[in-house]
Amino acid sequence: MFGARAGTAARLRTSVGMLGAACMAAGGFSYAKIPSGGTVGHLDALRDLRAWPGAERWGPALCFAGVALLTVAWLLLGSAVRSREATVAAVHRAALLWAVPVVVAPPLFSADAWSYAADGFLTGHGASPYVTPPAVLHGPIVQAVCLCWRHTLAPYGPVPLLWGGAVDQVTSSPWLLMLAYRALAMVGLGLLMYAAPRLAGLAGLPAAEASWLAVASPFVLADGVGGAHVDLLLVGLVATALLATVTRGWLVGAVIIGVATAVKAPAVVAGLGVALVSARSLGGGPRIWAAVRVAAVALGTAAGIGIVSGLGVGWVRTMHVAFVLHTPLSITYEAGRNLRWLFHSDAATVADAVGVGLMVLGCALLLTRAPVGGVRGPFTAAGVAMLLVTVLSPVTNYWYFLWCLPLLAMCRLPQTARRCLVALVLALGLITPLDPSLHVPNGWMIIEGSVGAALLVALAWERVLVPSMVPLAAHAGFVSGSGAAGDGRPRGPRRG
């Protein structure tokens with residue numbers, strides 16, 4: 001009977017999650033940017049849907065409802081994981097099913113994927129996006145590119161550009177080019193599915209719980225897959241590099257870090273984890289030498305990809321274009337801007353420089369102080385280093401947290417830090433639809449309310465939600481009455 005109930009509960013949460021994802025996709029079709037021509041833009045049904053009265057208002061509302069439903073399904077899955085009802089395979093199956101509706105949707109909550117498509121089109125036609133902006137193009141391929149990015153050069157590494165250029169040899173449809181970049185995001189998700197449970201096992205964590213937090217969250221699925229961001233590929237490669245370092249040696253790990261760097265430059269910082277795993281002693285000299293050789297191999301790999309492909313390393317000088325727009329998540333910039341009455345007019349610039357300095361200092365301390373001789377310390381150092389890069393960069397977008405949160409999900413953290421991690425993942429998922437380009441009314445009130453709700457849920461997670469479900473699971477034979485649920489040890493039925 002309990003097995004039947006567990007199966008029913010699994011089907012229910014899967015259905016709720018898929019309904020939420022379907023709502024996000026439907027909302028995206030109603031208001032998100034879509035080129036007027038091409039494979040999809042000319043369809044009468046789509047034009048009729050977007051012409052409905054108030055579509056620009058109920059579309060985002062439908063996306064909010066979809067994210068809320070997906071969040072409920074994710075929390076239910078988390079409870080099943082903690083009570084040992086759901087395995088790693090069940091978590092991955094749920095994540096893939098929840099991703100299905102958004103795979104075919106237009107880019108959600110960000111139009112960056114249309115910029116990827118335009119850059120891929122340029123690459124496929126023999127023009128370097130490091131020299132030529134999308135503004136030179138005409139027709140549907142450039143219609144959905146944000147006005148602020150049409151005249152800017154590509155800040156990405158050569159890997160996504162080469163992928164777009166290869167796909168352009170088969171089709172120049174903006175829609176299919178965009179879907180090709182979503183396929184890259186799905187590759188990143190697949191790499192996380194492969195690496196997350198194995199890294200968690202090496203760190204002594206329950207594999208299913210790590211996968212639940214790193215792979216199946218609404219934040220990863222909505223921002224990573226729905227937004228079709230290459231950042232999901234970046235973190236998938238970084239996680240794979242850390243695993244390869246343990247299983248195949250530092251050289252393989254450093255090469256994979258180099259490939260990730262050729263996706264986006266911040267990935268090179270995660271090489272710190274590769275260096276710490278390979279460091280042979282606690283002394284400062286071996287640590288620094290390990291970091292130097294890993295950086296040399298990683299940067300050499302990234303540069304080699306660009307040189308061999310003919311694109312070169314122009315992305316090194318174009319990365320600054322991402323600093324043009326700032327979001328409320330750009331902590332140092334916002335601090336400088338709000339304190340300008342204490343300083344001169346360049347306070348924001350000074351704050352950005354201070355943030356970069358703190359980032360470098362923090363990474364240096366991690367390199368010289370983090371434990372070596374195992375995997376827990378290096379894994380955590382890599383996750384924390386990527387967190388520093390995310391929050392202290394001159395510009396931080398919602399999806400930039402893909403660089404660090406999945407990595408931290410695979411690390412053994414103090415209980416309070418673990419709860420904060422759950423809260424952050426939960427909050428970022430809830431505020432995903434609040435892209436600045438949507439100009440959502442009272443957006444900051446929604447953000448504050450979402451963050452507050454996420455904190456309450458995270459704080460109650462182990463004190464209220466999980467303990468209340470453990471006895472039920474114990475009666476079903478999933479856990480025993482003694483010990484904490486989900487600590488990674490086998491459990492038998494509760495006696496007497």
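The values are calculated or read from the model by the stated rules, or taken from the named source; none is laboratory data. Model, not experiment: these values are computed from the prediction. As a convention, Cβ positions derive from the backbone with ideal geometry for all residues, glycine included, and neighbour counts pool all protein chains shown. Please note that ligands, DNA and RNA were not included when accessible areas were found on the heavy atoms of the full protein model with its side chains. Shrake-Rupley method; radii C 1.70, N 1.55, O 1.52, S 1.80 Å.
Apart from one condition, Ala135 fits all of (1) touching a residue at least 24 places away in the same chain (Cβ under 8 Å); (2) open to solvent by less than 40 Å² (accessible area, probe 1.4 Å); (3) more than 24 Å from Met24 (Cα to Cα); the exception is (1).
Residues checked against (1) in contact with a Pro (Cβ under 7 Å, 6 or more places away or on another chain); (2) over 30 Å from Pro414 (Cβ atoms):
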| position | (1), (2) |
| --- | --- |
| Leu137 | no, yes |
| Thr152 | yes, yes |
| Pro155 | no, yes |
| Leu162 | no, yes |
| Thr171 | no, yes |
| Gly204 | no, no |
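If we scan region 70-82, do we find a residue that is crowded, with 24+ Cβ neighbours inside 10 Å, of a type in the set (S, T, N, Q) and in contact (Cβ under 8 Å) with a residue 12 or more places away in the chain? Yes: region 70-82 contains one or more residues that are crowded, with 24+ Cβ neighbours inside 10 Å, of a type in the set (S, T, N, Q) and in contact (Cβ under 8 Å) with a residue 12 or more places away in the chain.
Please go through region 150-178 and pick out each residue that is open to solvent by 50 Å² or more (accessible area, probe 1.4 Å) and of a type in the set (Phe, Trp, Tyr). Selection gives Trp163 alone. Scanning region 225-263 for residues that are within 10 Å of the chain's Cα centre (by Cα) and under 18 Å from Val292 (Cβ atoms) yields a count of 0.
The set of residues in region 258-270 being in contact (Cβ under 8 Å) with a residue 40 or more places away in the chain and open to solvent by less than 10 Å² (accessible area, probe 1.4 Å) consists of Gly258, Thr261, Ala262, Val263, Ala267, Ala270.
Kindly indicate whether Ala95 is surrounded by 18 or more Cβ atoms within 10 Å (Cβ to Cβ) and either without any contact (Cβ under 8 Å) to a residue 12 or more places away in the chain or under 22 Å from Gly224 (Cα atoms) (or both). Criteria met by Ala95.
Out of curiosity, is Leu234 hydrophobic (A, V, I, L, M, F, W, C), in contact with a Lys or Arg (Cβ under 7 Å, 6 or more places away or on another chain) and surrounded by 24 or more Cβ atoms within 10 Å (Cβ to Cβ)? Yes, satisfied.
Taking region 81-177 and the helices (runs of 4 or more DSSP H) fully enclosed by it, the elements with 2 or more residues that are at pLDDT below 90 are at 140-143. Could you please find all residues in region 303-326 being in contact (Cβ under 8 Å) with a residue 60 or more places away in the chain, part of a loop (DSSP other than H, G, I, E, B) and hydrophobic (A, V, I, L, M, F, W, C)? Correct list: Leu311, Val324, Leu325. Just one of the listed residues (Val220, Val187, Val246, Val255) is β-branched (Val, Ile, Thr) and either in a loop (DSSP other than H, G, I, E, B) or buried (at least 24 other Cβ atoms within 10 Å of the Cβ) (or both), namely Val220.
Pairs meeting the criteria (first residue in region 286-302 and farther than 15 Å from Lys264 by Cα, second residue surrounded by fewer than 17 Cβ atoms within 10 Å (Cβ to Cβ), beta carbons under 6 Å, at least 6 apart or on different chains) are Pro286/Arg280.
Matching residues to (1) among the hydroxyl-bearing types (Ser, Thr, Tyr); (2) modelled with pLDDT of 70 or more; (3) surrounded by fewer than 17 Cβ atoms within 10 Å (Cβ to Cβ); (4) touching a Ser or Thr at 6+ places or on another chain (Cβ under 8 Å):
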{"site": "Ala21", "(1), (2), (3), (4)": "no, yes, no, no"}
{"site": "Tyr31", "(1), (2), (3), (4)": "yes, yes, no, no"}
{"site": "Val40", "(1), (2), (3), (4)": "no, no, no, no"}
{"site": "Asp44", "(1), (2), (3), (4)": "no, no, yes, no"}
{"site": "Pro53", "(1), (2), (3), (4)": "no, yes, yes, no"}
{"site": "Arg57", "(1), (2), (3), (4)": "no, yes, yes, no"}
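Only residues that are modelled with pLDDT of 90 or more and in a loop (DSSP other than H, G, I, E, B) were counted in region 394-410, giving 3.
Checking Leu232, Leu237 one by one, the residue that is closer than 17 Å to Asp112 by Cβ and either at pLDDT 95 or above or β-branched (Val, Ile, Thr) (or both) is Leu232 and no other. Screening the candidates Val372, Val425, Val391, Val384 for the property of being surrounded by fewer than 19 Cβ atoms within 10 Å (Cβ to Cβ) and either in a helix (DSSP H, G or I) or at pLDDT below 85 (or both) yields one hit, Val391.
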